[in-house]
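Before any comments, here is the structure.
Each value in this text was obtained by applying a stated rule to the coordinates, not by laboratory testing. None of the values given here were measured: they were computed from a predicted structure. Neighbour counts run over all protein chains shown; Cβ positions are idealised from the backbone, glycine included.
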Amino acid sequence: MPKRSFHNYSVYIMTNKPNGVIYIGVTGGLEDRVARHKLGIGSRFTSKYNCNKLVYFEDFQYINDAINREKQLKNWRRSWKIDLIEKDNPEWKDLSNGWALDLNIENYK
């Protein structure tokens, strides 16, 4: 499983279940963004499909690199995305389990 490095930007993949809906995003604050997805306020798409499990992420020092990687992954075939996830996370575990996420929705209003 990937370890969390503390660079500034991350590309991440959220899902609702193993081999389920795949959402790819980029952020400057992964922990905060994952918390928002878990609370159903991350995006309309992830809220609609209940994509609240972090199954993959990559960290980048520069935003342009992160955006380019996000675009690349979004253009991949679904099977390639699944292979990428399963390379390091074959059971599709929520990689944010154990993180100290702020899941108090009042703090995001």
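Just to verify a number: FRET efficiency for Asn107 and Trp80, C-beta to C-beta distance, R0 = 25 Å, to 0.05? The computed FRET efficiency comes out at 0.10.
Per-residue packing, averaged as other Cβ atoms within 10 Å, sorts the ranges 57-66, 73-82, 11-20 into the order 11-20, 57-66, 73-82, beginning with the highest. Global size of the chain: 13.1, 38 Å for Rg and Dmax (C-alpha atoms, Rg to one decimal, Dmax whole). Protection proxy ranking for 29-36, 83-90, using the average of other Cβ atoms within 10 Å per residue and placing the highest first: 29-36, 83-90.
For Asn50 and Asn8, a Förster radius of 30 Å and the Cβ-Cβ distance give a FRET efficiency of 0.60, rounded to the nearest 0.05.
Computed from the Cβ-Cβ distance with R0 of 25 Å, the FRET efficiency linking Asn64 to Glu31 stands at 0.70.
For n ≥ 4 DSSP H runs only, could you compute -39500 (n - 2.57) per run for the chain, divide by its residues and tell me the 222 nm figure to the nearest 500? -10000 deg cm²/dmol, from helical runs alone. Applying the Karplus relation 6.51 cos²θ - 1.76 cosθ + 1.60 with θ = phi - 60° to the stretch 72-88 yields 3J(HN,Hα) values of 4, 5, 5, 8, 6, 5, 4, 4, 5, 5, 4, 4, 4, 4, 6, 4, 10 Hz, where x marks Gly and Pro.
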